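Only one structure is covered here, and it is reproduced in the block below.
The values are calculated or read from the model by the stated rules, or taken from the named source; none is laboratory data. Just so it is clear, the model here is predicted, and its values are computed rather than measured. A quick note on method: Cβ atoms are made from the backbone with ideal geometry, for glycine too, and the neighbour counts reach across all protein chains shown. For the accessible areas, the whole protein counts, side chains as well, though only heavy atoms, and no ligand, DNA or RNA atoms are used. Shrake-Rupley method; radii C 1.70, N 1.55, O 1.52, S 1.80 Å.
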Number of protein chains: 6
Amino acid sequence: MRILVVNPNTTASMTALIGECARAVAGPGVTVDAVQPGSGPESIESHYDEAMAVPGVLDEIAAGELAAYDGYVIACFGDPGLLAARELAAGPVVGIAEAAMRTAAYLGRGFSVVTTLSRTIGHTWDIARQYGVADLCAGVHACEIPVVELETDPEAYATVLGACRGALERDASDSIVLGCAGMADLCARLSHELGVPVVDGVVAATLEVEKLVRLGLRTGKRGELAPPPAKSFA
Amino acid sequence: MRILVVNPNTTASMTALIGECARAVAGPGVTVDAVQPGSGPESIESHYDEAMAVPGVLDEIAAGELAAYDGYVIACFGDPGLLAARELAAGPVVGIAEAAMRTAAYLGRGFSVVTTLSRTIGHTWDIARQYGVADLCAGVHACEIPVVELETDPEAYATVLGACRGALERDASDSIVLGCAGMADLCARLSHELGVPVVDGVVAATLEVEKLVRLGLRTGKRGELAPPPAKSFA
Amino acid sequence: MRILVVNPNTTASMTALIGECARAVAGPGVTVDAVQPGSGPESIESHYDEAMAVPGVLDEIAAGELAAYDGYVIACFGDPGLLAARELAAGPVVGIAEAAMRTAAYLGRGFSVVTTLSRTIGHTWDIARQYGVADLCAGVHACEIPVVELETDPEAYATVLGACRGALERDASDSIVLGCAGMADLCARLSHELGVPVVDGVVAATLEVEKLVRLGLRTGKRGELAPPPAKSFA
Amino acid sequence: MRILVVNPNTTASMTALIGECARAVAGPGVTVDAVQPGSGPESIESHYDEAMAVPGVLDEIAAGELAAYDGYVIACFGDPGLLAARELAAGPVVGIAEAAMRTAAYLGRGFSVVTTLSRTIGHTWDIARQYGVADLCAGVHACEIPVVELETDPEAYATVLGACRGALERDASDSIVLGCAGMADLCARLSHELGVPVVDGVVAATLEVEKLVRLGLRTGKRGELAPPPAKSFA
Amino acid sequence: MRILVVNPNTTASMTALIGECARAVAGPGVTVDAVQPGSGPESIESHYDEAMAVPGVLDEIAAGELAAYDGYVIACFGDPGLLAARELAAGPVVGIAEAAMRTAAYLGRGFSVVTTLSRTIGHTWDIARQYGVADLCAGVHACEIPVVELETDPEAYATVLGACRGALERDASDSIVLGCAGMADLCARLSHELGVPVVDGVVAATLEVEKLVRLGLRTGKRGELAPPPAKSFA
Amino acid sequence: MRILVVNPNTTASMTALIGECARAVAGPGVTVDAVQPGSGPESIESHYDEAMAVPGVLDEIAAGELAAYDGYVIACFGDPGLLAARELAAGPVVGIAEAAMRTAAYLGRGFSVVTTLSRTIGHTWDIARQYGVADLCAGVHACEIPVVELETDPEAYATVLGACRGALERDASDSIVLGCAGMADLCARLSHELGVPVVDGVVAATLEVEKLVRLGLRTGKRGELAPPPAKSFA
């Protein structure tokens, strides 16, 4: 089984980190490749960034189809391009936000999301509602660290940890959902220190794709998610 | 006052039709220009089409800002790129789906949407929910005419009329919302023949922008819709 | 085009203020008349007040029909008698609460309502839910100034300003909706001082009616909002 | 204990019928008086009728307070003036729609409402949502008999029975809620013939008031439903 | 009329207290018997406790049917076994949580629940949602007194009183709902001291059953709540 | 890794079937044991059956804890005892209904559930709402085959197939969710013949547990799902 993990931004070090985390959990016989678009923003922190990143994501999905991947992960917490990718791909496509939030749904009454910038909070609630998990989402909290500084800011771990502590206290929640692919490598340490389940979407989505492929399940193609109608592009 | 109407697809005849409809309702002293992206799909009938159209829409908004337009209409029923456009523009940005559905909300208990292809029905419900009008939306009905054939199919009017009749009967609704910018020129004739209000989003959004500009109202910029953070693009 | 703005309470100075604000935004060729019921409460601050005001509002609508007005505004934030007025009138009828809240929906993720007395907060949530904007309403805040004292209390502006500041802080909202017609004249000053969009329903509703009339849209009459059945009144 | 049942319309024969039904179920030591407003419509079949009936209802409540009634029933399925009446009365006030629908909630998964004219269906859904029972309401069905003809149309019982049968079949519901006070006398016969629970709001509300009074429960007065602020009326 | 009140836990003193409270409100000619299961937990404070208590509750309902009771109360705030009991019983079955919350719905805009341990808060919200009263539930507050200590802790009344005061302040609610059958005897004193309606489910449910029996209403049996299919048990 | 699959009913042949299906998908190094309670109903088709089955399920979970299983599947579509089991177990517990419905959420806009008896439809909607997937559930359809006859009725496969075809047609859904563990062995054949994804909860839940265990995720224990308080049982 071959899974393609698409990092929607163009920061190579983050692609490497994501690929490493995904490979660390993949089952025996599962190959995980991590790629990033050839063009687009270095990080996704606005609706504009997301919109500009999506065509590159879809290019990677289309290339993945030519290379016959069995399934795909979209590794940015807003799940950019998810439905379009499902139209393009024969196999399953899973976003890390949906995977993280649905995974947390198995672990208790409610989860808190800890994300990067507060300007993304509204979008997180939007997708929580769309995925049907808004009642389970006890709160969304920003730690105000820009995405690319997660790797460089020496205080990043401590700041995220503090935001998690505040979220658990304020929301009386059962678990934490990490709201950015760039936090994937902090997951185990946070969980250990906090003493609660901490869900990273990168690994959750990777194993969700593995699960779907093993079950022979793919996107339903009889309606909305059939391949896009052929047409000319200017 | 200068309003820019952006047709998200690249079919020039549709841009012309949309511009004409918008200009026909604009108030005295209001200039309406209609443009289309330099690249992108000829019509938008899938999540993929929409995703590929959005960067071109945002380019037109950015160009519009340089030209100091007072406000913008996004003239495709899925409102592609709406939130990103609001980040970019200083003045108000209105999508034709939100404008049509919120306008219909003033006209009675419920409206029926008549759209092009059935594969877009799910997306219409998604945005109805997002805009808070799902309880008012009594049904979404496809007439199965591809967007570009609205202009060429000699049966198009009759087919849309039949779909409207079926919708009113089945949904017991008070009005019709047209689910495609390409139906804008059918609006008056349909309303006359059906004897019910028929709402076209192109004209509804144009007058909504005019209304907002006259009231001095613009997108709130203190959080989610502030200008996107500056960053490098690969 | 002739628009009738009905102030549901019987305080003439407020009718004058409302009429002035509405006329200030009306387009060229649009006449705005402002009236008040011949009998009823001097202000509306309870369900009882609202119930007692409605027959007077409907009398004014009926008189407006005889005078062939093109459309109507109901200028009290609870939108008293709105659906009944739609049954009576041939042209469109718009309430200031629905107009203010739906207008704010174009300006960002969420708005805060700043209203007069806290006893009206529940009713505001009720109509927000009914209009489908409850998810967009980030909070409702009372400044505890009775309606008639908005004009006389020298601290009124400062108190409303403080309530707006508190609301923006607490709700992390993008805009303010003024929850009383009697605040219409404070709108521009508040917006200037707060640096965020402030929506007054009186002007929003006036331009909404103008928009609907220009589009030839009127209340759908094939069901719930058909003229009331003729019957005897004791 | 003394309960005042207010028939919001001015048809004396219906007041008599309602009073009789309420008295038939009242407990030992409970006096039930039935009254109607001095002025208003002969029946309530539109938003306009309802609006015009409410001041008369509130006059009867105010008179009831002078006469020291322990509690009140508002006996029209739209519950006209309910919240205003709660502001006026010291004791509990119960509407027949809320009582019928909440009573049916104890009897199974879902109920079907059978009402008079189809133009009232939207309002029934509105109050079902407001009362939190919309998920339990499996359908609302009109038998298209005007209110005053329930007493005179020789086919009325058969028509209502047919509408109930259709509703049970179509909605797969567990019980019937009668959507008009004028159907109160049909309840037992319908239940017997249909073999399912049939809930009439007049008797349900009467016993609900009796229950509340016996429990010493009255409207909470610390906020929205405190007595209306004193003020001048023009 | 004979009503059987089933205390789902096995603490005899609580059964006595519940029976006493129920009998104190029952109407003339109404006999109330209070029983408890032969086996099961001494109190219900977890999902596990509730699950283990249910078979004993159903045994008591089945025994009640043999003894031809007219209706039943399930006297634990989580309403354990309610739907199963409705399948078994011919007459109506009412849980104290649904009765308390629906009764409070007649008394104002919103109620606050004051319960025992915070670990039950999630379950309370679950049933509030299920019963359609979540919008009316302004908050759920724990006083952290274990069920069995309500009778023995000398500070119990003061602690519950304090929790009620905090709830009213924080939730701006109109009434209090007591979240445990073991608080039934505190109801009158709390209401007197707080000056707001306080609803105890034990008495509310008892009078609800009395009301339903007097109206001849029983569980609808044409679908989900028909008697369970006969089958072998290992 | 050792996973315990608990069949909540006491039909040994169904336990065998479920165990077989689960083992067929389990990954390398994963041991799956399937058990059933020592006492309880032979099948679960009513609220009563479910209530009587739960203590047996919890006994198996408790025994599983002594045997140090890593995670658990509850293999009956109503997910009986799920929250109580989460209190008891240290590792994750997954119900087949939640697993099937959340898995289907990755495959398209909406799914149809095909279940056994129509009396279970209401419960299915209840849990769909509780799990947040009600908007994705396009319909619930009964094939009216009792659970134990799924194995013996020679027409069972054809009947289920017909119900699936009807569901896809009527609901315009993207996939089928099988509403009974006893249908697990029909899944592949149905999917092949229908040409759409068919999700069986037994295998979906088994791989979900495997996924959670591999990710080191377990039930959050800081609140509602902490081990039940110790107490005496009568």
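Here the mean projected area of the convex hull built on the C-alpha positions of the stretch E:107-163 is 4.3 nm².
Computed from backbone phi with θ = phi - 60° and the Karplus coefficients 6.51, -1.76 and 1.60, the 3J(HN,Hα) list for the stretch C:36-43 is 9, x, x, 9, x, x, 6, 7 Hz; x is used for glycine and proline. To put it simply, the accessible area of chain B at a 1.4 Å probe is 52 percent carbon and sulfur.
By the gyration tensor of its Cα atoms, with a ≥ b ≥ c the square roots of the eigenvalues, what is the shape of the stretch D:43-114: rounded for a/c under 1.5, prolate for a/b over b/c, or oblate? Cα axes put the stretch D:43-114 in the oblate bin.
Given a cut-off of 29 Å, name the pairs among A:K221/B:K231; D:K221/E:K211; A:K211/F:K221; B:K221/F:K221; B:K221/C:K211 whose C-alpha atoms lie farther apart than that in the structure shown. The pairs that break the limit, which is 29 Å between Cα atoms, are A:K221/B:K231; B:K221/F:K221. Can you send over the solvent-accessible area of F:R214, 1.4 Å probe, protein chains only, in Å² to the nearest 10? Result for F:R214: roughly 80 Å² accessible. Here the translational diffusion coefficient of the stretch A:6-85 follows from Stokes-Einstein with Rh set to the Kirkwood radius across Cα pairs; for 37 °C and 0.692 mPa s it amounts to 257 µm²/s.
Sequence-distant contacts, meaning Cα pairs under 8 Å at least 6 residues apart, place the relative contact order of chain F at 23 percent.
Site pair A:T159 and F:E169 shows an inter-label distance of 5.9 nm when each label is modelled 7 Å from Cα along Cα→Cβ. Reducing the stretch C:43-104 and the stretch B:34-85 to their Cα centroids gives an inter-centroid distance of 38 Å.
Look at the stretch C:119-127: the mean tally of other chain Cβ atoms within 10 Å of its residues' Cβ atoms is 4. Hydrodynamic analysis of the stretch A:98-200 uses the Kirkwood radius over alpha carbon pairs. Inserted into Stokes-Einstein at 37 °C and 0.692 mPa s, it gives a translational diffusion coefficient of 248 µm²/s. Helix by helix, which DSSP H runs in chain D go 15 Å or more along their axis at the Cα atoms and have an average Kyte-Doolittle hydropathy of -0.5 or more? TM-like helix candidates: D:12-25, D:47-66, D:156-171, D:201-214.
The residues of the stretch F:64-144 expose on average 22 square angstrom of accessible surface per residue, using a 1.4 Å probe on protein heavy atoms. Under a 5 Å amide H cut-off, with hydrogens placed 1.01 Å from N, C:G95 pairs with C:I74 among residues at least 5 apart or on other chains. A Förster radius of 30 Å combined with the Cβ-Cβ distance from A:A16 to F:A24 puts the calculated FRET efficiency at roughly 0.25. Against the empirical curve 2.2 N^0.38 Å, the C-alpha radius of gyration of the stretch C:67-148 lands at a ratio of 1.17. Chain D and chain E together bury an accessible surface of about 3600 square angstrom, both sides counted, with a 1.4 Å probe and no ligands or nucleic acids included. Across 5 Å bins from the origin, how do the percents of Cα pairs in chain D run, short distances first? Pairs per bin, as whole percents: 1, 7, 15, 20, 21, 17, 11, 6, 2, 1, 0. Across every pair of non-identical alpha carbons in the protein assembly as shown, the mean reciprocal distance, once inverted, gives a Kirkwood radius of 32.7 Å.
Of the residues in the stretch F:49-67, those shielded by at least 20 Å² of accessible area once partner protein chains are present, compared with the chain alone at a 1.4 Å probe, are F:D49, F:A51, F:M52, F:P55, F:L58.
Evaluating 6.51 cos²θ - 1.76 cosθ + 1.60 at θ = phi - 60° for every residue in the stretch D:173-182, the Karplus couplings come out as 8, 9, 7, 10, 10, 7, x, 7, 4, x Hz, glycine and proline recorded as x. Given only helices, namely DSSP H runs of n ≥ 4 each adding -39500 (n - 2.57), what is the per-residue ellipticity at 222 nm of the protein assembly as shown, to the nearest 500 deg cm²/dmol? Here the helix-only value at 222 nm equals -13000 deg cm²/dmol.
Entry note: the stretch F:166-234 has Rg to Rh equal to 1.21, where both radii use alpha-carbon atoms and Rh is the Kirkwood radius.
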